Amino acid sequence: MMDALAGLYPWIKALHIAAVISWMAALFYLPRLLVHHVERAKAGSEMDQTFQMMEEKLHRVIMNPAMMVAWSCGLIMISFGALDFGAVWGWAKILAVIAMTAFHIWLGKERKAVAIGQGKTGRQYRLANEIPTVLMLIIVVAIVVRPF
């Protein structure tokens, strides 16, 4: 089984990269949607309904599948030894990915909170929008530079 997968490794890696790009795009976009939703849409208005539909589809159609594909491909690559758990950079990368997943879950809960009028402020969502950037930098530096 592993021999068959070994030939597919470059394809798995390419799929992983594409999934991560999609996941990151969604993680950047959903907080921005939430900012505009809480600042501009009155509860029950047509704009409110439009934002809810956009947020739900982004979460269900792009974010969730992209995260699942990124994790699946990443775990397959780990099984091939792509991550060095004997070095700090390997742990930094996996912990940042876990934090990114926790942020993803938090965004899903916030999407639902905003839909029922219990969301945070636009300023809080603007600040939250910086979290995936910081985590992405940690992940990229850990994988590419491997400083520790």
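With the simple spin-label model, which puts each label point 7 Å out from Cα in the Cβ direction, the residue 118 to residue 40 separation comes to 2.6 nm. Taking 0.36 nm per residue of separation and subtracting the current Cα-Cα distance, fully stretching the chain between residue 25 and residue 105 would add 27.3 nm.
Were the residues from residue 126 through residue 95 laid out at 0.36 nm apart, the gain over their Cα-Cα distance would be 8.8 nm. Taking max minus min of the alpha-carbon positions on each principal axis, the range 8-145 gives extents of 52, 27, 18 Å, largest first. In terms of distances greater than 22 angstrom between alpha carbons, the cross-link table entries 42/109; 13/112; 13/109; 13/57; 57/109 yield 13/112; 13/109; 13/57. When 138, 21 are sorted by how many other C-beta atoms sit within 10 angstrom of their C-beta, beginning with the fewest, the order is 21, 138.
Values quoted throughout were computed directly from the atomic coordinates according to the rules given, and no laboratory measurement underlies them. Just so you know, these numbers come straight off a predicted model, no measurement behind them. Here Cβ is always computed from backbone atoms with ideal geometry, including for glycine, and neighbour counts include all displayed protein chains.
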